[in-house]
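The values are calculated or read from the model by the stated rules, or taken from the named source; none is laboratory data. Since we're looking at a predicted model, the values are computed, not measured. With ideal geometry, Cβ positions are generated from the backbone for all residues, glycine too; neighbour counts draw on all protein chains shown. For accessibility, only protein heavy atoms count, side chains too; no ligands or nucleic acids. Shrake-Rupley method; radii C 1.70, N 1.55, O 1.52, S 1.80 Å.
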Amino acid sequence: MEHGVLFNIFIYLAAGVVAVPIAKRLGLGSVLGYLIAGAIVGPYALSLISNQEDVMHVAEFGVVMMLFLVGLELKPALLWQLRMPILGTGGLQLCATTLCIFIILLTCGLAWQTALAIGLIVALSSTAIVLQNLQERELMKTEAGKNAFAVLLFQDIAVIPILSILPLLVIQDTAIVESSTSAWLSALMIAGVIAGIIIGGHFLVVPLLRIIAGSRSREIFIATALALVVGIALAMEAVGLSAALGTFLAGVVLADSEYRHELESDIEPFKSLLLGIFFISVGASIDFTLLLDQPILVALLVTGLIAVKFIVLFITGIVFKIQRSQNWLFSCALAQGGEFAFVLTSFALQRQVFDNEIASLLVLVVTLSMVFTPLLLIINDKIIAPTFKRKVPHADNKATPEHQIPDDTDSSVIIAGFGGFGQVVGRLLHGYHINTTILENDVGQIELLQQFKYKVFYGDAEQLNLLHAAGADNAKLFIIAVESASRTKRILIKVKKHFPHLTVLVRATDRNHAQQLIRLGADHVFRESLDSGISLGVETLKALGMRANQAHRAGQVFRRHDEAVLHEEARQMHEHEPEFVNRSLTERRILKKLLGLDALTYYDNLNDAWSTEAHSNEDKNTVGNLAAAHKHNKSTGEQS
């Protein structure tokens, strides 16, 4: 039954809304929830959706956007450090898996061309499923997570030569051989597109983003980010390359730009939504008719594929000295076919590398292997990992010197607003080599700060997605130093609600603003006028003849008392004006007593120490006059 586009969209969204919370409540994870939902609403079950292939083509942009975001996390220098894990671990896994599948299929009687084509196709793992599952479990920064990413990255790069190899495996004699001229032209086009992404990213995209950001229009910035991703994908597909690889490369190029976090926060919602639809599409593509017709054959093929890939991955982990507990996770995560198998299978079928029967069976086996991946990870979490924890309690903390993958650690301090106030804080922290992530939404200010070698990121700290992208989940301190009092309150509310683990230090414009911030849950509030006012008062006391240490001590007494009064006032949320005035007068009398008592104690000790003639009469007279003045103020304060 054919349905309209809106109906199909509704079914996809409703299926995800119902299935994912149930799956997560049962401990199955969101990916498995999406897959199950797709299988239920798909054409081979309830048949609630139509135009399945068209929807999957659109949803595949979720994978493209995910690789773009992954690229944004990898600065070029860090990617260069990862070259050995990518080429070593990834290269060995792909070659060994292809060889094993090739030999097994040859012994089963398939032609060597078909066997090699299938080996190349199923050697690839699912970038979407692996990264989504590892991110949900917060395992991306573990040894297994980093090695899994290295393998996936190599596989995405390997799609290019695989697309070139498949046409050469055509069995029929009528195969069309591409001319050398056409091959050279294709190679030049590929080189031109890749060079265009790299050069354009540096010299065109960043200036364009700077202009768009200057307009202060968030929706235009989002549109620009989406156009960037879609445009690169179209350019890569036009020359026969992987769109995901192109957007990943663009992400790496832009990883050092000040717009990195804003791009992440803008793309993330679209990526998550499209990935969810992609997983539902994968579940809906399960051909239950074929599964019921040949259940034993399908079960053997799925089991064999997972087993072969697991064994190859485990041996690869041993070769590169991955810890045993991490090696189990690494092998379980990648032991499935990938989404590129659908693309490569269609590509090979069009060029008659194998027939439609093999293609249908191959798609079903790959899809089912993807479905079983979350289950493998659950088995690892519940059964395998606890075994290693009991045997070697601190095994995961050991370093792996032979194959250590660098980590681009997030800053523990985030500063929102880097004007005059924020710069003072940042300069002090940078003086102690404390890394900070700085968020600023003034393009002119960013350009100025970059001249002084500050690493500042463009973005509005009120946006939740930007805070996630900036590393608020892993940070320790959040400093709010923006100039607007209303923006300060909105950012504080957002941070305290979504990141309760953060200690929040906030700039306040005045006393009333400080009271509001305390009520909203700020851990530490700093009034921008308090320090300068106290400093001026201390200098005034010194100019009147008070010794420097006593003047500073008076300033400290005043600060402690004023801070205590401020917090008490913040608790009195609905106090009427007469009550407020009376209490303020009372607090002023208390402050006079505190300063008077502190001064008398100081001068009594000082006079005792001056029993000798070591000090001049002028010093003694100054002390006596100040002490008398303090006694007079004390008596006046008590009478008032």
Hey, any hits in segment 263-284 for a residue that's on the phi < 0 side of the Ramachandran plot and either in contact with a Lys or Arg (Cβ under 9 Å, 6 or more places away or on another chain) or among the basic types (Lys, Arg) (or both)?
yes
All but one of (1) modelled with pLDDT of 80 or more; (2) under 18 Å from ILE157 (Cα atoms) hold for PRO76, so report the exception by its number.
(1)
For segment 448-482, which residues satisfy the criterion of being among the β-branched types (Val, Ile, Thr) and modelled with pLDDT of 85 or more?
ILE479, ILE480, VAL482
Checked segment 53-105 for anything within 24 Å of ILE118 (Cβ to Cβ) and acidic (Asp, Glu); matches are GLU53, GLU60
So the check is Cβ under 7 Å with 6+ separation or different chains; which pairs have a first residue in segment 483-497 that's within 9 Å of GLY521 (Cβ to Cβ) and a second one that's small (Gly, Ala, Ser) and surrounded by 15 or more Cβ atoms within 10 Å (Cβ to Cβ)?
LEU492/ALA522
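Which is touching a His at 6+ places or on another chain (Cβ under 8 Å), in contact (Cβ under 8 Å) with a residue 40 or more places away in the chain and either charged (D, E, K, R) or assigned to a strand (DSSP E or B) (or both), of PHE457, PHE478?
Of the residues listed, the single one that is touching a His at 6+ places or on another chain (Cβ under 8 Å), in contact (Cβ under 8 Å) with a residue 40 or more places away in the chain and either charged (D, E, K, R) or assigned to a strand (DSSP E or B) (or both) is PHE457.
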Pairs returned, first residue in segment 8-36 that is under 22 Å from LEU364 (Cα atoms) and open to solvent by 70 Å² or more (accessible area, probe 1.4 Å), second residue that is modelled with pLDDT of 80 or more and assigned to a helix (DSSP H, G or I), beta-carbon separation under 6 angstrom, 6 or more apart or interchain, are ILE36/ALA19
If I filter segment 338-347 for residues that are more than 16 Å from SER125 (Cβ to Cβ) and modelled with pLDDT under 90, do I get at least one hit?
yes
For ALA395, which of the numbered conditions (1) at pLDDT 85 or above; (2) over 24 Å from the mean Cα position of the chain (by Cα); (3) open to solvent by less than 30 Å² (accessible area, probe 1.4 Å) fails to hold?
(1)
List the number of the failed condition for SER486; all other conditions in (1) farther than 22 Å from GLU262 by Cα; (2) more than 25 Å from the chain's Cα centre (by Cα); (3) of a type in the set (Ser, Thr, Tyr) hold.
(1)
Using beta carbons and a limit of 8 Å, which pairs, at least six apart or on different chains, have the first residue in segment 402-423 and within 19 Å of THR142 (Cβ to Cβ) and part of a strand (DSSP E or B) and the second one at pLDDT 55 or above and open to solvent by 50 Å² or more (accessible area, probe 1.4 Å)?
none
In segment 275-289, what residues are surrounded by 18 or more Cβ atoms within 10 Å (Cβ to Cβ) and of a type in the set (A, V, I, L, M, F, W, C)?
LEU275, ILE277, PHE278, PHE279, ILE280, VAL282, ALA284, ILE286
Given the conditions (1) small (Gly, Ala, Ser); (2) within 23 Å of VAL159 (Cβ to Cβ); (3) modelled with pLDDT under 85, and given that SER272 satisfies all but one, which numbered condition is not satisfied?
(2)
Can you spot a residue in segment 525-540 that is surrounded by fewer than 17 Cβ atoms within 10 Å (Cβ to Cβ), touching a Gly at 6+ places or on another chain (Cβ under 9 Å) and of a type in the set (Ser, Thr, Tyr)?
yes
Residues within segment 470-499 that are under 25 Å from ILE267 (Cα atoms) and open to solvent by 20 Å² or more (accessible area, probe 1.4 Å), tallied:
9
Can you give me the ranges of the helices (runs of 4 or more DSSP H) entirely in segment 504-571 with at least 3 residues that are in contact (Cβ under 8 Å) with a residue 24 or more places away in the chain, over 30 Å from VAL413 (Cα atoms) and over 36 Å from the mean Cα position of the chain (by Cα)?
548-571
How many residues are open to solvent by 50 Å² or more (accessible area, probe 1.4 Å), more than 20 Å from LYS271 (Cα to Cα) and among the polar types (S, T, N, Q) if we restrict to segment 439-469?
2
Check off (1) within 25 Å of GLU138 (Cβ to Cβ); (2) at pLDDT below 90 for ARG351 and give me the number that stays unchecked.
(1)
